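What follows is a single structure, written as structure tokens, with notes after it.
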Amino acid sequence: MKPTYLNILFAWFVFNCLVFPQTKNSFYDAFNSISSDEIKKHLFVLGDDSLEGRGVGTKGCDKAANYISKQFEAYGLKKISSENSYFQNIPMHGSIPLPKSELTIISKDSTFSISYFQDYFLYRSGQQTFIPTALPIVFVGYGIVAPEFDYNDYQSVNVEGKIVVYLDGEPYSDDESYFDGNYPTVYSYSESKRRIAISRGASGTIQIPINNFESWEKIQNDFSFEDVTLAYSVSSSLSLLINPDIADILFSNSKYSFAQIVEMNKSNKIESFPLETKLKFKGTFKERDFIASNVVGLIEGNDNDLKDSYLILSAHYDHLGIGPKIDGDSIYNGVSDNAIGVSVLLELARIFSSLTTKQDRSIIFIATTGEEKGLLGSSYYTDNPVVPLYKTIANINIDGVAMFKDFKSLVGVGGELSTLQQYLLSSAEKYEIELQSIPSQFKSVDAFNKSDQLAFASAGIPSILILEGTKNNSKTDSEVIQSFIDYYLNIYHTPFDDLNQQIDTEAASKHAKIIFDLAFNLLNSKHTPEWKEGSQFINARLRSIAEKK
Amino acid sequence: MKLVYKILFAISILFTACSGGFTDSETIYIKGSDTMFELTSNLAEVYMKENSGISIKVEGGGTTEGIKALIKNQIDICTASRNLKPDEAKLLADYYGSLGLVFLIAKDGLSIYLNPSNPVKELSLSQLKKIYTGEIKNWKSIGGKDSPIITVTRNPNSGTFLFFKEHILEGEDYANDKIVQSTTNEIIKFVAENESAIGYGGMGYSGNVLHAKIEGVEPNSENVRNDTYPITRYLHLFTTKSPRGKVKSFIDWVLSPAGQSVVRKSGYIPLWENKL
């Protein structure tokens with residue numbers, strides 16, 4: 001019999017059914033239909049100037065949330081938040097200091113009034129920072145108490161009811177057993193230093209940036225945005241960042257001058273001592289309270305035993321909003337950070353919803369808000385999960401995607417802490433993609449602790465952020481590394497992260513395919529990712545399982 | 001495992017608001033701010049009606065007493081019209097390895113109460129400071145009758161006393177001849193009965209007193225909400241750790257439209273009522 005078109009089609013169908021199970025068949029159709037055009041379509045909406053940089057609590061951010069929710073609706077995702085909508089509403093509080101705030105430093109023979117923006121910034125804004133009566137100041141080195149390194153900057157000074165001054169960074173050593181050698185420990189974080197100071201009874205803190213300091217202009221740019229917190233937060237106090245150019249005022253008539261402190265820092269011989277100056281601060285703030293939203297949608301699983309377990313795919317949709325003008329542009333569009341990540345998230349939602357066969361487990365898509373203000377949306381989610389945390393098997397967070405379509409390596413940031421690394425390796429190998437560890441040039445960036453995956457991990461959920469590696473089919477390692485460095489120096493958190501830059505949505509769709517493969521495997525595996533022994537997140541996992549939280 | 005992760009964990013145990021257990025009893029104990037007593041009682045009453053298995057016990061006594069009780073683990077929630085003082089934060093860290101959590105639940109305008117017969121109807125912040133520090137002693141010097149000013153304050157345990165001292169007196173001491181009253185209602189009663197008296201308290205309180213304009217701005221909801229009225233503050237709930245179970249449910253409800261509606265009905269400014 002002469003083969004007809006229908007005969008051939010039928011034969012091909014039978015062949016496929018025999019060779020691939022049904023889900024596999026759906027998988028390859030879906031995999032191949034991941035579309036760079038779809039990603040581009042979302043990107044040009046979310047990255048557009050009309051969304052004004054998607055600053056949390058702004059109309060632009062609300063427009064972005066509405067756009068995402070409409071896509072979820074179009075893809076048929078299920079609403080699961082308590083308000084019976086895609087929005088998980090989050091009460092937030094915003095505060096910005098006004099220029100008429102008064103900061104005064106009083107020495108034995110002089111009084112100095114220093115100016116907000118020009119001379120200092122506030123880490124936390126708002127009424128908790130008010131100190132109308134002059135308080136004594138104490139220098140406390142790096143402001144660190146680290147018993148495991150037998151290190152205590154507070155050992156010889158009493159700071160109760162006083163203001164403490166410290167340098168950024170931490171003691172330097174080549175010895176990996178002492179403050180992790182060349183890599184920063186958590187003690188170098190400003191937040192750690194603030195909390196140590198408050199727990200010691202200090203009334204306020206002043207950080208002088210000298211170790212990780214590029215320029216005051218850079219800091220002015222970073223601190224020009226509103227301070228936003230959740231409606232609930234850890235107790236706080238006055239916490240200042242002061243321009244090192246005027247830091248000597250704090251040390252007037254004291255045991256050492258600031259120039260001597262700089263020398264002590266270089267020689268790693270910091271000493272704590274009380275200063276001969278006092279400080280008072282009368283802050284004036286513009287405060288507001290508003291609702292921001294995570295956008296959450298679900299695709300239910302099909303397996304009776306497994307559908308009540310969940311994989312979370314997340315990407316933050318907020319960025320910085322409107323900020324200081326640079327070269328005539330004040331809109332911080334955040335196209336790479338993270339309109340592109342949300343565009344990939346939406347494309348994955350479309351693809352998963354298009355699968356003809358449902359997956360065993362359920363998948364939750366979350367476009368988080370407030371990431372740029374301190375992982376606010378993801379932290380709120382883990383405090384108020386829409387499904388139990390202990391039934392959430394993993395989080396794949398998307399914050400930035402590959403820049404170059406010829407990439408041939410990926411980094412699974414945080415993957416090494418759990419068995420997620422094996423799942424990612426298995427997915428990457430299929431497409432001849434290598435896995436590599438974080439290139440040494442970027443280890444100090446501390447990527448795992450800088451995006452939403454940290455909030456999910458802290459709630460015990462094995463989490464991973466997948467970033468592009470340095471191996472590439474058409475570029476050398478050093479060319480790729482230089483491109484990453486150029487991005488961080490010239491584009492990241494500037495108005496230039498907009499649609500005018502070169503964005504390779506082919507690279508984004510290739511990145512999306514790896515995530516799709518990984519997510520697909522996690523959804524259909526009988527096994528679940530586990531933290532590796534010794535991971536600091538195990539206890540949170542065990543707690544959520546024990547409490548069925 | 002990298003050491004940094006061990007350290008991160010150590011820090012999270014020591015100084016963040018890590019979760020901890022509250023008693024399994026179905027009673028929630030709340031103590032603290034007298035300013036917030038009426039508001040908290042209203043919130044508790046409505047919540048208990050909607051959640052029949054839950055009992056909420058509300059006590060006043062002042063913010064300082066509330067924080068002491070919180071640190072002694074005698075209560076679940078402390079109500080506070082001010083922030084934690086450094087020594088209180090240190091005690092929390094010492095006893096609980098946590099700096100505690102603060103929840104914003106409402107905004108309040110602090111009204112300056114005058115007797116309705118007093119011809120003075122408005123004051124500047126500078127005049128207010130001078131009156132309470134004793135620099136201005138007679139109403140005549142600010143356009144009133146020739147009559148000595150009687151300043152009335154809350155007792156020093158109250159968060160309102162401290163807020164007023166820090167924000168209006170800019171840290172200076174109150175004049176010694178002040179009249180001290182334990183509650184806002186007592187202040188209002190005293191001012192209503194004494195033409196030369198001046199007192200302060202929540203904007204939500206009513207009674208036979210005039211709420212003075214400050215810097216020409218009337219103390220009303222809109223002016224407090226948009227920060228135009230110059231004496232505004234947030235009202236807070238404090239917990240030692242991340243709340244769970246019934247305590248979390250209650251606080252979540254307070255922040256929800258239902259709870260915020262009770263805030264508005266109690267005379268305070270809801271923070272999120274219209275937007276949820």
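Given Cβ point charges of +1 (Lys, Arg) and -1 (Asp, Glu) and nothing else, what value in debye, to the nearest 20, does the dipole of the range A:68-182 about its Cα centre take?
Dipole size: approximately 1000 debye.
On alpha carbon coordinates alone, what is the Rg over Rh value for the range B:95-240, Rh being the Kirkwood radius?
Result for the range B:95-240 is an Rg/Rh of 1.00.
So for the range A:339-453, if I pair up every lysine 8 or more residues apart or on another chain, how many of those pairs have alpha-carbons under 21 Å apart?
5
Counting other Cβ atoms within 10 Å of each Cβ, which GluC sites (Glu not before Pro) in the range A:107-186 have at most 15 and sit in a DSSP loop?
In loop regions of the range A:107-186 (DSSP not H, G, I, E or B), the sparsely surrounded GluC sites (Glu not before Pro) are A:Glu160, A:Glu176.
Accessible area lost on pairing B with A, both sides, 1.4 Å probe, Å² to nearest 100?
Summed over both sides, the interface buries about 4300 Å².
Return the distance in nm (one decimal) between the two label points of a simple spin-label model at A:Leu499 and B:Ala258, each offset 7 Å from Cα along Cα→Cβ.
Taking the simple label geometry, A:Leu499 and B:Ala258 are separated by 4.4 nm.
Assuming R0 = 25 Å, can you tell me the calculated FRET efficiency for the pair A:Ser115 and B:Ser126, based on Cβ-Cβ distance, to the nearest 0.05?
Plugging the Cβ-Cβ distance into 1/(1 + (r/R0)^6) gives 0.65.
Taking every eigenvalue of the Cα gyration tensor of the range A:245-356, multiplying by 5 and rooting it, what semi-axes result, largest first, whole Å?
In descending order the semi-axes read 52, 22, 17 Å.
If you place +1 on the Cβ of every Lys and Arg, -1 on the Cβ of every Asp and Glu, and leave all else neutral, what size is the dipole of the range A:425-549 about its Cα centre, to the nearest 20 Debye?
In debye, rounded to 20, the range A:425-549 gives about 700.
Based on the alpha-carbon gyration tensor of the range A:177-277, what equivalent-ellipsoid semi-axes (square roots of 5 times the eigenvalues) come out, in whole Å, largest first?
Semi-axes, largest first: 23, 18, 17 Å.
Using a ≥ b ≥ c from the Cα gyration tensor of the range A:110-153 (square roots of the eigenvalues), is it rounded, prolate or oblate, where a/c under 1.5 gives rounded and otherwise the larger of a/b and b/c decides, a/b for prolate?
Because a/c hits 1.5 or more and a/b exceeds b/c, the range A:110-153 counts as prolate.
Do any chymotrypsin sites (Phe, Trp or Tyr not before Pro) in the range A:394-453 lie in a DSSP loop with no more than 16 other beta carbon atoms within 10 Å, and if so, which?
A:Tyr431
When 1/r is averaged over all different Cα pairs and the result inverted, which Kirkwood radius in Å belongs to the protein assembly as shown?
About 28.8 Å for the protein assembly as shown.
Specify, per residue and in Å³, the volume enclosed by the convex hull of the alpha carbon atoms belonging to the range B:163-275.
154
What whole number of Å gives the distance from the Cα centroid of the range A:97-143 to the Cα centroid of the range A:27-77?
For the range A:27-77 versus the range A:97-143, the Cα centre distance is 43 Å.
With heavy atoms of protein chains only and a 1.4 Å probe, what residues of the range A:190-209 have at least 40 Å² less accessible area in the full set of chains than alone?
Residues meeting the cut-off: A:Arg195, A:Ile198, A:Ser199.
Just from its helices, what would the mean residue ellipticity at 222 nm be for chain A, if runs of 4 or more DSSP H residues each count -39500 (n - 2.57) and the sum is divided by every residue, rounded to the nearest 500 deg cm²/dmol?
Mean residue ellipticity at 222 nm (helix-derived): -9000 deg cm²/dmol.
Could you give the C-alpha radius of gyration of the range A:362-405 expressed as a fraction of 2.2 N^0.38 Å, taking N as the number of residues it contains?
This ratio for the range A:362-405 stands at 1.35.
What residues does the range B:84-103 have that are buried by at least 40 Å² of accessible area in the full protein assembly compared to the chain on its own, 1.4 angstrom probe?
B:Pro86, B:Lys90, B:Leu99, B:Leu101, B:Val102
Name the trypsin sites (Lys or Arg not before Pro) in the range A:257-362 that are in a loop by DSSP and that have at most 12 other C-beta atoms within 10 Å, would you?
Filter output for the range A:257-362: A:Lys269.
At 7 Å along Cα-to-Cβ for each site, give me the label-to-label distance between A:Thr133 and A:Tyr256 in nm.
Each label point is offset 7 Å from its Cα along the Cβ direction, giving 3.1 nm.
Choose one of A:Ser267, A:Leu355, A:Pro171: the residue whose Cα lies farthest towards the positive end of the charge dipole of the protein assembly as shown (beta-carbon charges +1 Lys, Arg; -1 Asp, Glu; about the Cα centre).
A:Leu355
For a Förster distance of 25 Å, can you work out the FRET efficiency between the beta-carbons of A:Ser177 and A:Thr528, rounded to the nearest 0.05?
The formula returns an efficiency of 0.15 here.
May I ask you to work out the translational diffusion coefficient for chain B at 20 °C, viscosity 1.002 mPa s, via Stokes-Einstein with Rh from the Kirkwood sum over Cα pairs, reported in whole µm²/s?
108
Could you work out what % of the accessible surface of chain B is carbon and sulfur, using a 1.4 angstrom probe and leaving DNA, RNA and ligands out of the count?
49
State to the nearest 20 debye the size of the charge dipole of the protein assembly as shown about its Cα centre, where the only charges are +1 on K and R beta carbons and -1 on D and E beta carbons.
1820
The values are calculated or read from the model by the stated rules, or taken from the named source; none is laboratory data. All values derive from a computational prediction rather than experimental measurement. Glycine gets a Cβ as well: all are built from the backbone with ideal geometry, and neighbour counts include every protein chain shown. The protein model used for the area step is the full one, side chains on, heavy atoms only, and it has no ligands, DNA or RNA in it. Shrake-Rupley method; radii C 1.70, N 1.55, O 1.52, S 1.80 Å.
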